[in-house]
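Notes follow the structure.
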Amino acid sequence: MAQGSLKPVQSDRDLWSRAVAGESSAFGALFDRHAAAIYNFCFRRTADRASSEDLLSTTFLHAWRRRHDLRLEGETILPWLYGIAANLTRRHLRGLGRRRVAFARLQPLPPEPDPADDLPGRLDDERRAKEALGALALLTEREQELFVLCVWQELSYQEAAVALDIPVGTVRSRLSRARARLREALAEPDLASGDERSETIGALWRKGDQT
Amino acid sequence: MDEPVSLEELRAVVPPPPEQRLAPGQLASLRQALLHDIAGSAPRRRRRRRRALALVLVPVALAAAALVYSVTANRSAEQLGNEVTCFQKASLDAGAAGGPFSGQDLASFCRAQWRSGTIAPPPAGPAPPRWVACEGDKRGVDVFPSDDQDLCRRLGLNPVPSAYYEAVARYSALESDLGGRFPEKSCASAREARATTRRALDAHGYTDWTLRSTGFGELTPCALVPDLDPVNGVATIRGGVRPELIAAVAKGLEQASHCGPESALLADVRAALGAAGFGDWRVRVDHPLTERWPCVAGFNEVPAEKTIVLVGHASR
């Protein structure tokens with residue numbers, strides 16, 4: 001018997017049910033599909049590419065371990081992955097100092113060269129991400145998380161609610177509070193000027209950096 | 001009432017940092033590590049295909065193809081179950097990987113295995129478009145990249161019967177149903193498990209199957225999801241550890257975020273075990289934790305030694 005049909009486009013739902021049944025290739029396909037989004041979310045929360053790589057891997061490992069817990073209701077698994085990534089990133093940001101001390105005792109492996117490495121570009125991206133995060137420093141941790149999901153990652157309110165396991169109403173009210181704080185801090189009439197905005201954001205970043 | 005929020009307005013106030021792209025090599029490396037860890041962290045899944053038999057079949061197939069044919073010739077579609085193994089080449093000694101197949105399309109299934117790198121990482125070029133499916137050596141189905149209609153016979157295997165897709169769908173439904181009847185957080189005794197399994201078999205039309213139970217004891221009083229042997233029509237119910245033990249280990253791992261240093265990781269798991277009344281169980285890691293792989297991916301329980309073994313290389 002030979003099979004020569006064209007590759008069907010498989011839904012997250014289909015891939016997920018196969019992954020839950022233990023089929024690692026289906027899980028690998030979900031990784032291919034969503035790794036970039038999760039990696040960008042982690043980067044935009046941490047401004048650190050190395051940490052984001054680790055958080056990406058750990059997000060999918062947690063998803064695999066918890067695959068029997070999820071009853072996929074929508075068509076995409078992405079909000080759920082965002083939820084795991086948000087939890088891990090929060091934990092990462094809180095425990096950063098403690099873990100640095102702990103892992104100093106482990107023997108480091110030699111660094112693996114990456115031909116795609118563009119050190120100046122990386123540093124510039126990280127600097128710009130830190131600046132943007134600095135502008136959010138006046139928001140609470142939960143508001144920052146939601147801001148990144150809805151504003152930067154462009155999730156719908158419903159998807160963000162699923163990701164963070166909160167009611168849609170809470171999404172709206174948190175975003176509303178976030179906007180009020182940003183308005184207050186950024187003196188909105190002047191924001192039309194890009195230069196002034198950059199200056200304001202830079203000032204806020206310095207403020208956030210000190211806290 | 002909150003004022004409606006314009007996301008565009010917020011995006012203009014604080015623009016997103018630049019989009020980041022992982023280099024293809026980095027992404028492939030992360031994916032490969034992930035799949036490797038997944039393979040090493042599926043302690044209570046029983047889906048790994050045995051390759052030793054396939055390897056042994058090579059000389060057997062060449063030297064005594066007729067004998068092999070006689071061994072496999074009379075298997076029905078029902079007896080093939082849902083295990084599928086995809087091979088890297090049209091040869092039984094080629095690299096192979098597989099898993100449970102739910103009955104849609106064998107070629108798509110194997111192309112997905114190919115692209116995922118589980119057959120031979122990294123994938124050797126694009127996934128082949130055409131595949132040939134044969135009855136497996138002992139159970140299941142072996143699938144080879146080829147358009148040779150005579151391949152199965154040349155390998156000493158039977159072609160897959162036409163009723164296979166229908167049969168595998170029914171079998172997969174049984175397996176899925178059984179999984180739902182044995183939730184991981186419950187503890188069914190051997191007797192309860194036999195009754196539950198029999199009901200599931202009957203509901204899916206497998207009324208002539210035999211039930212067996214084994215491995216139940218003081219430390220393993222809770223039934224695991226039954227193993228199914230479609231070749232012989234036998235469902236085997238094995239005893240496993242209490243779900244509270246599993247939950248305690250998971251809690252300890254969660255406490256440590258699954259990560260070292262080893263002494264702290266072990267301490268967290270031991271503390272969770274102690275708090276749950278399993279303080280007499282030992283815990284160890286089966287490999288040294290490193291800066292590159294500072295975390296574990298899962299664990300296996302060894303009831304005979306009252307030991308939890310933390311396994312799998314994971315990054316933070």
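Any read-out appearing in this document is the output of simple, stated calculations on the displayed coordinates, not a laboratory observation. Given the structure is predicted, the values throughout are model-derived calculations rather than measurements. Methodologically, a virtual Cβ is constructed for each residue, glycine included, from the backbone with ideal geometry; neighbour enumeration extends over all protein chains shown.
Key figures for this structure:
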{"read-out": "Listed peptides A:39-51, B:153-165 by packing density, highest first (mean Cβ within 10 Å)", "value": "A:39-51, B:153-165"}
{"read-out": "Cα gyration tensor of the range B:269-316 - equivalent ellipsoid semi-axes, whole Å, descending", "value": "22, 12, 7"}
{"read-out": "Long-range amide H partners of residue B:131 with built H, under 5 Å", "value": "A:3, B:146"}
{"read-out": "Mean shadow area of the range B:165-316 over all directions, Cα convex hull, nm²", "value": "10.6"}
{"read-out": "Neighbouring partner chain Cβ atoms per residue of B:102-114, average, 10 Å criterion", "value": "4"}
{"read-out": "Calculated from backbone phi, Karplus (6.51, -1.76, 1.60) coupling profile of the range B:17-29 in Hz, x at Gly/Pro", "value": "x, x, 4, 9, 10, 6, 4, x, x, 5, 4, 5, 5"}
{"read-out": "Label-point separation in nm, residue A:91 to residue B:247, each point 7 Å along Cα→Cβ", "value": "1.9"}
{"read-out": "Convex hull volume per residue for the range B:183-239, taking Cα atoms only, in Å³", "value": "73"}
{"read-out": "Burial ordering of A:68, A:92, B:258, fewest other beta-carbon atoms within 10 Å first", "value": "A:68, A:92, B:258"}
{"read-out": "Rounded to whole Hz, the Karplus (6.51, -1.76, 1.60) HN-Hα couplings of the range B:293-310, x for glycine and proline", "value": "10, x, 10, 10, 9, x, 7, 10, 9, 10, x, 4, 10, 6, 10, 9, 10, 7"}
{"read-out": "Residue-wise HN-Hα coupling along the range A:156-170, computed from phi with Karplus coefficients 6.51, -1.76, 1.60 (Hz; x: Gly, Pro)", "value": "6, 4, 4, 5, 5, 5, 5, 4, 9, 6, 9, x, 4, x, 5"}
{"read-out": "Amide H within-cut-off set for residue B:282, under 5 Å, with H built and near neighbours excluded", "value": "B:307, B:308"}
{"read-out": "Dimensions in Å of the range B:76-215 - Rg and Dmax from alpha carbons", "value": "17.3, 51"}
{"read-out": "Amide hydrogen neighbours beyond the local backbone of residue B:213, cut-off 5 Å, H modeled", "value": "B:237"}
